[in-house]
Amino acid sequence: MKMAMAGLYKRVLPSPPAVDFASSDGKQLFIEAIQNGTMEGFYKLISYFQTQSEPAYCGLASLSMVLNALAIDPGRKWKGPWRWFDESMLDCCEPLEKVKEKGISFGKLVCLAHCAGAKVQAFRTNQSSLDDFRKFVVRCSTSDDCHIISSYHRATFKQTGTGHFSPIGGYHAGRDMALILDVARFKYPPHWVPLRLLWEAMESVDEATRQCRGFLLISRPHRDPGLLYTLSCKHESWVKVAKYLMDDVPNLVKTDDVKDVHKVLSVVFSSLPSHFGEFIKWIAEVRRREDGGQNLSLEENGRLSLKEEVLKQVQETGLFKHVVAFLSSLTLCCRNAPTLSDENNLPDIAATVCCQGAELLSGAFGSSESGKW
């Protein structure tokens, strides 16, 4: 007599309406779709097909799968020396613990895709149509430069569960069916579904947001990487610093008796917000990684050379010289400047980050040869 085992081992795929990808009918659909040229996006996607690592990580798994299929560089390491998208790295728009508990909304997934560096077009069903959806599915099925993530309700397909995200891996024009590469592979295999029924499943309303579901059209951005430094939305300190520089500084300059550049710099640096220290430390850490002497590709070496040239030109400007002179005047007091801690008050933090800024501009955090920052 076998002992009863806890838990569930897969689910039987309700068919119809779905057609199991590995079934005889599913294989025939696949062959015919290949012959008709509507499986071009499949090959890159299947190369990076993954299983969501948490029951509520369907959105994160779908996005990391698509980002890797599009060969978008995350710009930071996953493990060891490897830069690679993983669900654990998609945390800039919603805390992972919250996603683990409740999943992620359509809007937050759009935010994540943008944050990860992709070009994103988001369509809710009340802002699009079945015909438009079909055109996009055909477009991404006949090329490998874009992919679609669908947000739908499983109940429409007689499946267990509620809202779900998964990429669309291909299209069969003759039977108007889409291939869903279900990232919950522990539950259901990849399967074909009628496109009209998929649209109906996307028309359902998300109970958490009270908004219609929809689909994301994701592709590589048509732009070169930033020549200098690209601010990552993972580090929220830059948002607050940007607000300070754009909103607060103009008002500070107006209210103070500002008559020269030295006074402007004095106002800016003496009123730095407390979180500016984190911003300085993050920029410094970026520079340390650049000076680490890692092997770079020819393209990366070329970009680094251009960056050095631009920074040299910046160093030759009058404003840069004013800033260096101002910060150099602070170095005498830097010997006794406090270290950053949660207990420091605003003046102490301002004094500390001014000193860090002076060191950064003079090259203490970068190359000692040219004072790059």
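The values are calculated or read from the model by the stated rules, or taken from the named source; none is laboratory data. Computed from a predicted structure; not experimentally measured. Because the Cβ atoms are built from the backbone with ideal geometry, glycine has one as well, and the counts that use them run over all protein chains shown.
Key figures for this structure:
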{"quantity": "Residue list for region 191-223, restricted to those being closer than 29 Å to ASP144 by Cβ, in contact with a strand residue (DSSP E or B) (Cβ under 8 Å, 6 or more places away or on another chain) and assigned to a loop (DSSP other than H, G, I, E, B)", "calculated": "GLU203, ARG213, ARG220, PRO221, HIS222"}
{"quantity": "Output for region 8-36, where each listed residue is surrounded by fewer than 19 Cβ atoms within 10 Å (Cβ to Cβ), in contact with a His (Cβ under 8 Å, 6 or more places away or on another chain) and assigned to a loop (DSSP other than H, G, I, E, B)", "calculated": "SER15, ASN36"}
{"quantity": "Conditions (1) surrounded by 22 or more Cβ atoms within 10 Å (Cβ to Cβ); (2) more than 21 Å from TYR188 (Cα to Cα); number of the one not met by TYR57", "calculated": "(2)"}
{"quantity": "Some residue of region 86-109 being among the hydroxyl-bearing types (Ser, Thr, Tyr), touching an Asp or Glu at 6+ places or on another chain (Cβ under 7 Å), crowded, with 17+ Cβ neighbours inside 10 Å and under 19 Å from LEU198 (Cα atoms)", "calculated": "yes"}
{"quantity": "Matching option when the condition is assigned to a loop (DSSP other than H, G, I, E, B) and in contact with a Ser or Thr (Cβ under 7 Å, 6 or more places away or on another chain), among MET5, MET39", "calculated": "MET39"}
{"quantity": "GLN121 vs. criteria in contact with a helix residue (DSSP H, G or I) (Cβ under 8 Å, 6 or more places away or on another chain) and either in the same structural domain as ILE180 (by TED's automatic domain parsing) or more than 22 Å from LYS187 (Cβ to Cβ) (or both)", "calculated": "no"}
{"quantity": "3 or more residues hydroxyl-bearing (Ser, Thr, Tyr), in contact with a strand residue (DSSP E or B) (Cβ under 6 Å, 6 or more places away or on another chain) and at pLDDT 65 or above: qualifying helices (runs of 4 or more DSSP H) within region 254-339", "calculated": "none"}
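Rundown of residues vs (1) in contact (Cβ under 8 Å) with a residue 24 or more places away in the chain; (2) within 17 Å of ASP206 (Cα to Cα); (3) not polar (S, T, N, Q); (4) not in a loop (DSSP other than H, G, I, E, B), yes/no style:
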position: ALA71; (1), (2), (3), (4): yes, no, yes, no
position: PRO74; (1), (2), (3), (4): yes, no, yes, no
position: LYS77; (1), (2), (3), (4): no, no, yes, no
position: TRP84; (1), (2), (3), (4): no, no, yes, no
position: GLU97; (1), (2), (3), (4): no, no, yes, yes
position: LYS100; (1), (2), (3), (4): yes, no, yes, yes
position: LEU109; (1), (2), (3), (4): yes, yes, yes, yes
position: LEU112; (1), (2), (3), (4): yes, no, yes, yes
